[in-house]
1. Checking the structure you have, find out if any residue of the range 72-94 is in the same structural domain as Ser350 (by TED's automatic domain parsing), assigned to a strand (DSSP E or B) and surrounded by fewer than 16 Cβ atoms within 10 Å (Cβ to Cβ).
2. Collect the residues in the range 20-58 that are out of contact with any helix residue (DSSP H, G or I) (no Cβ under 6 Å at 6 or more places or on another chain), buried (at least 23 other Cβ atoms within 10 Å of the Cβ) and closer than 16 Å to Glu88 by Cβ, keeping them in residue-number order.
3. Pick from the range 286-324 the residues that are more than 17 Å from Val222 (Cβ to Cβ) and aliphatic (A, V, I, L, M): which of them is surrounded by the fewest Cβ atoms within 10 Å (Cβ to Cβ)?
4. Just to be sure, is Ala107 touching an Asp or Glu at 6+ places or on another chain (Cβ under 6 Å) and either more than 30 Å from Ala313 (Cβ to Cβ) or of a type in the set (Lys, Arg) (or both)?
5. Which one is surrounded by the fewest Cβ atoms within 10 Å (Cβ to Cβ) among residues in the range 171-192 that are modelled with pLDDT of 90 or more and outside any loop (DSSP other than H, G, I, E, B)?
6. Please work out if Arg158 is surrounded by 15 or more Cβ atoms within 10 Å (Cβ to Cβ) and modelled with pLDDT of 90 or more.
7. Name the single residue that is surrounded by the fewest Cβ atoms within 10 Å (Cβ to Cβ) among those in the range 240-267 being within 20 Å of Gln175 (Cβ to Cβ) and without any contact (Cβ under 8 Å) to a residue 24 or more places away in the chain.
8. Can you tell me which residue within the range 1-20, out of those that are over 16 Å from the mean Cα position of the chain (by Cα) and part of a strand (DSSP E or B), is nearest to Leu283 (Cα to Cα)?
Amino acid sequence: MRPIAMYINKLKAENWKNFRVIEATIEHRLFLIGPNASGKSNFLDIFRFLRDLCTSGGGLQQAVDVRRGGVSAIRCLAARSKPDILIEVEVTDEKADIIWSYRLKFAQDNNRRPIIREEVVKLNNKVLINRPDFDDELDDIRLTETALEQTVANKDFRKMVEFFQSISYQHLVPQAMRDPQGFSPGKVDNDSFGRDFLQRVDQAPPRTKDSRLRKILTAMKVAVPQLNDLQVKRDDFGVPHLIGMYEHWRPNAARQTEAQFSDGTLRLFGLLWTLFEGDGTILLEEPELSLHPEIVKMLPAIIEKINRQRKIARQVIISTHADAMLDQKSIGGEEVLRLEPSAEGTILKSPLQDPQEMALLKNGLSVRDVVVPKSAPRNIDQLVLSL
């Protein structure tokens, strides 16, 4: 894999949704596994939250109240004597020459607004921001905004802010790609579910767009029978459409738009385009949906191949239930986190913490063989009998 410019190296969180207390080392490629409702999506949402703090029109109030329903909706149900919500991350480069750290602790005030209890920014252990500070004491309304969202305040650590802004979460929904207005009438930019996806594809620089489409077509010809051309064109109303040409018994190939594409075809196209698009950490939620198991099996190799072709390789964090993907022996124990629900919140477990698991992996067994069985719900064999 090519060197990664910047990536998230460490994570600590307290009272974040499913998680009472978690600490994790985050590798360049990370697979999250666990039963339903164990918190895989909520784990990914920590990084989305950091992005939301930094995006235009975002900030703490938007990220907490509008996007997540308020502090009480975020706070872990297992929180007790220390109810503040904490997120702390370390961001570094490949050589660890530059290490940024960001720590944010927040709660809610008497008006139920999110309020900052602590905000610390460090560069190579040098403290750049430590809040609350003197100005915050004079004007406590300042504590409703993070330093990340203030262009004057973040000038000394804007590189970290830009990295957070570059984080991309993609969970493309075929229905949203086919009918953005029907899915949601409001205009959405950079939508994680794909409402503006074809707009983004169409607005890519022409040479970049053509190059990506050629590479994607080459791959999709293997995965999608009879597909022999792939284009993005605008209709008479200026709306972009994904157009595929399929070999057919008639002299001219059959033409289809995204409206006729299968869910699997749209998801595969969206995934491949997403891997080429952007430079920051990418969060993929169950990318195996609607795809044939033989394609799913190849996804780790596909991600690595595309990363090798890029000028800047990307960190990729994937939540998945797919046996076919996790059966690949190229996935190391350090690249896996298993989420285990408990009465005190979800616990993160790594094969690195279990010598027996690591020994089995080193002896040639896969994550599917060693770790996945431990992620199944307890007494799963009783599921049918209970009905």
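The values are calculated or read from the model by the stated rules, or taken from the named source; none is laboratory data. All values reported here derive from a predicted model rather than from experimental measurement. Neighbour counts run over all protein chains shown; Cβ positions are idealised from the backbone, glycine included.
1. So in the range 72-94, the residues in the same structural domain as Ser350 (by TED's automatic domain parsing) come out as 72-94.
Subsequent filtering for residues that are assigned to a strand (DSSP E or B) retains 75, 85-92.
Now restrict to residues that are surrounded by fewer than 16 Cβ atoms within 10 Å (Cβ to Cβ): none.
Checked the range 72-94: no residue is in the same structural domain as Ser350 (by TED's automatic domain parsing), assigned to a strand (DSSP E or B) and surrounded by fewer than 16 Cβ atoms within 10 Å (Cβ to Cβ).
2. Phe43, Phe47
3. Ile312
4. yes
5. Gln175
6. On the way: surrounded by 15 or more Cβ atoms within 10 Å (Cβ to Cβ): no; modelled with pLDDT of 90 or more: yes.
When the stated conditions are applied, Arg158 does not pass them.
7. Gln260
8. Going residue by residue through the range 1-20, those that are over 16 Å from the mean Cα position of the chain (by Cα) are 1-5, 12-20.
Now narrow it down to the ones that are part of a strand (DSSP E or B): 4, 12-16, 19-20.
Details: Ile4: 16, Lys12: 18, Ala13: 18, Glu14: 21, Asn15: 21, Trp16: 18, Phe19: 19, Arg20: 22 Å.
Checked the range 1-20; the qualifying residue nearest to Leu283 (Cα to Cα) is Ile4.
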